[in-house]
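> Got a structure for you, written out below as structure tokens; questions coming shortly.
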Amino acid sequence: MHKVIFDTDPGIDDAMALLFLHQHPEIDLIGITTVFGNASVETTTRNALFLKREWSIPAPVAKGDGKAFNPMRNPTDWPVMIHGHDGLGNIDVPDTIDLPLDPRPAQRFIIDTVRENPGEVTLIAVGRMSNLAFALKEDPEIAALVKQVIVMGGAFDVPGNITPAAEANIHGDPEAADVVMTAPWTVTVVGLDVTMQTVMTRTLLNEIAEAGGARAKLLSDISQLYIDFYGRHVKDGMVVHDSCACVYLVAPELFTTRSGAIRVVAGGIADGQTIQKPDGRAFPPGNWDDLPSQNACTGIDADAVLALIAETL
Ligand code: BDR
Ligand code: CA
């Protein structure tokens with residue numbers, strides 16, 4: 001059984017990933033931590049509570065503090081064209097959800113839970129990496145106690161989706177992402193190189209909605225704005241970014257990876273760019289010395305990933 005803390009900014013593809021984690025028989029979802037990104041942290045937290053209630057998810061929800069790791073960055077812009085004004089496809093989520101939050105801030109929840117389960121917790125981060133970076137800053141020893149980190153973010157050999165250089169989750173808090181990539185734990189980055197290949201067609205979404213009962217029907221309702229947006233960019237379907245990171249946990253054989261230290265550019269025209277130094281390549285001493293080797297996904301069996309998502313939902 002994989003114990004998972006899901007760090008997320010729901011967000012429509014986040015919602016699908018959350019349902020996947022909740023329903024997969026080999027996954028024990030032990031916590032949900034929220035971060036800004038697809039909407040403000042107030043909205044993504046309300047959405048996490050809404051989905052927890054609608055889908056009867058037992059895991060506690062702990063709220064992030066809504067700040068980027070670099071205090072000079074002040075997140076205020078949200079992609080309402082993609083995720084809606086409510087972050088869940090404009091389905092009229094109630095303003096407040098009558099469920100309690102975990103009393104701890106997200107970073108403290110992560111630290112406590114990792115320390116209570118040494119060597120057992122996988123962190124899956126599918127939003128800005130702010131909560132993970134703040135947790136590492138507060139308690140660097142957790143790096144040795146986490147089983148693995150799986151991140152949806154970044155673009156290595158393909159263009160970004162916010163700028164030609166940068167993917168949204170990294171671009172929204174590059175300093176945090178650099179802390180996460182360079183910490184002494186095992187990180188696998190599931191970036192646009194593979195997620196952009198993983199397109200769920202409208203037909204498959206409809207089949208899931210018909211076969212998956214009320215939960216899947218809600219997911220389908222939430223996804224309509226998102227599939228309309230993506231349908232204009234990719235052929236008749238939507239990119240299921242965040243679910244790809246969750247599938248990697250249970251089916252890593254469906255991905256090919258490249259190993260090497262990873263760093264994130266902060267500032268300038270390449271703000272938020274992810275760069276990997278291939279293992280075995282030597283460079284003069286500098287910013288790449290003594291960094292852990294991490295895994296960047298370079299290939300995916302997209303049909304098999306989509307089939308596993310559909311079966312689980
Ligand atoms: C990532 O950005 C967000 O919009 C999505 O939820 C996903 O995590 C894709 O770049
Ligand atoms: Ca996300």
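> Looking only at region 225-238, decide whether some residue is within 20 Å of V149 (Cα to Cα) and either touching a strand residue (DSSP E or B) at 6+ places or on another chain (Cβ under 8 Å) or modelled with pLDDT of 95 or more (or both). Talk me through it step by step, then tell me what you get.
Looking only at region 225-238, we keep the residues that are within 20 Å of V149 (Cα to Cα), and these are none.
Within region 225-238 (the criterion being within 20 Å of V149 (Cα to Cα) and either touching a strand residue (DSSP E or B) at 6+ places or on another chain (Cβ under 8 Å) or modelled with pLDDT of 95 or more (or both)), the answer is no, since none of the residues qualifies.
> Quick one: which residue in M196, M200 is within 16 Å of ligand 2 (Cβ to nearest atom), farther than 19 Å from A270 by Cα, without any contact (Cβ under 8 Å) to a residue 60 or more places away in the chain and not charged (D, E, K, R)?
The match here is M196.
> Output the residue which, of all residues in region 182-195 that are over 13 Å from the mean Cα position of the chain (by Cα) and within 16 Å of ligand 1 (Cβ to nearest atom), is farthest from A261 (Cα to Cα).
V194
> Could I ask something else about it? Looking at region 241-250, is at least one residue away from ligand 1 (no atom under 16 Å from the Cβ) and at pLDDT 95 or above?
yes
> May I ask you to say which residue of R263, R258 is under 30 Å from E26 (Cβ atoms) and not hydrophobic (A, V, I, L, M, F, W, C)?
After applying the criteria, what remains is R258.
> Mind listing whichever residues of region 148-171 are within 30 Å of N117 (Cα to Cα), buried (at least 19 other Cβ atoms within 10 Å of the Cβ) and not hydrophobic (A, V, I, L, M, F, W, C)?
G153, G154, N169
> Looking at region 271-285 only, could you name the residues that are touching a residue at least 60 places away in the same chain (Cβ under 8 Å) and either hydroxyl-bearing (S, T, Y) or surrounded by fewer than 17 Cβ atoms within 10 Å (Cβ to Cβ) (or both)?
T274
> Still on this model: The conditions are (1) within 24 Å of F69 (Cα to Cα); (2) outside any helix (DSSP H, G or I), and R258 fails exactly one of them. Which is it?
So the condition that R258 fails would be (1).
> Here is a further query. Write out, first by first residue and then by second, each pair whose Cβ atoms fall under 7 Å of each other, whose residues are 6+ apart or on separate chains, and whose first residue, in region 225-251, is farther than 21 Å from Q23 by Cβ while the second is among the charged types (D, E, K, R) and within 16 Å of ligand 2 (Cβ to nearest atom).
Cβ pairs passing all conditions: none.
> Could I ask something else about it? Of all residues in region 1-40, count the ones that are of a type in the set (S, T, N, Q), touching a helix residue (DSSP H, G or I) at 6+ places or on another chain (Cβ under 6 Å) and within 16 Å of ligand 1 (Cβ to nearest atom).
4
> Do we have N74 as under 19 Å from M16 (Cβ atoms) and among the polar types (S, T, N, Q) here?
Criteria not met by N74.
> Related question: In this structure, is D173 of a type in the set (D, E, K, R) and touching a residue at least 60 places away in the same chain (Cβ under 8 Å)?
Working: of a type in the set (D, E, K, R): yes; touching a residue at least 60 places away in the same chain (Cβ under 8 Å): yes.
Criteria met by D173.
> Can you tell me how many residues within region 146-181 are near ligand 1 (Cβ under 10 Å from one of its atoms) and not aliphatic (A, V, I, L, M)?
Here is the first cut: in region 146-181, the ones near ligand 1 (Cβ under 10 Å from one of its atoms) are 151-155, 160-162, 166-172.
Now restrict to residues that are not aliphatic (A, V, I, L, M): 153-154, 160-161, 167, 169, 171-172.
Summing the residues that are near ligand 1 (Cβ under 10 Å from one of its atoms) and not aliphatic (A, V, I, L, M) in region 146-181 gives 8.
> Looking at (1) at pLDDT below 95; (2) crowded, with 20+ Cβ neighbours inside 10 Å, find the lone condition where L205 falls short.
(1)
> In the set D139, D92, D102, D86, which member is within 15 Å of ligand 1 (Cβ to nearest atom) and not β-branched (V, I, T)?
Among D139, D92, D102, D86, only D86 is within 15 Å of ligand 1 (Cβ to nearest atom) and not β-branched (V, I, T).
> Within region 34-48, work out how many residues are over 12 Å from H83 (Cα atoms) and touching a residue at least 60 places away in the same chain (Cβ under 8 Å).
Final tally of qualifying residues: 3.
> Among the residues of region 261-309 satisfying the criterion of being under 19 Å from the mean Cα position of the chain (by Cα) and outside any strand (DSSP E or B), which is nearest to H22 (Cα to Cα)?
Looking only at region 261-309, we keep the residues that are under 19 Å from the mean Cα position of the chain (by Cα), and these are 262-264, 272-275, 294-300, 302, 305-306, 308-309.
Those left that are additionally outside any strand (DSSP E or B): 272, 302, 305-306, 308-309.
On the way: G272: 31, A302: 21, V305: 17, L306: 17, L308: 14, I309: 12 Å.
Per the stated criteria, the residue is I309.
> While we're on this one: Which members of region 232-257 meet the condition of being away from ligand 2 (no atom under 16 Å from the Cβ) and touching a Cys at 6+ places or on another chain (Cβ under 8 Å)?
If the condition is that a residue be away from ligand 2 (no atom under 16 Å from the Cβ) and touching a Cys at 6+ places or on another chain (Cβ under 8 Å), then F255, T256, T257 are the ones that fit.
The values are calculated or read from the model by the stated rules, or taken from the named source; none is laboratory data. On a predicted model such as this, the values are computed, not experimentally measured, just so you know. Because the Cβ atoms are built from the backbone with ideal geometry, glycine has one as well, and the counts that use them run over all protein chains shown.
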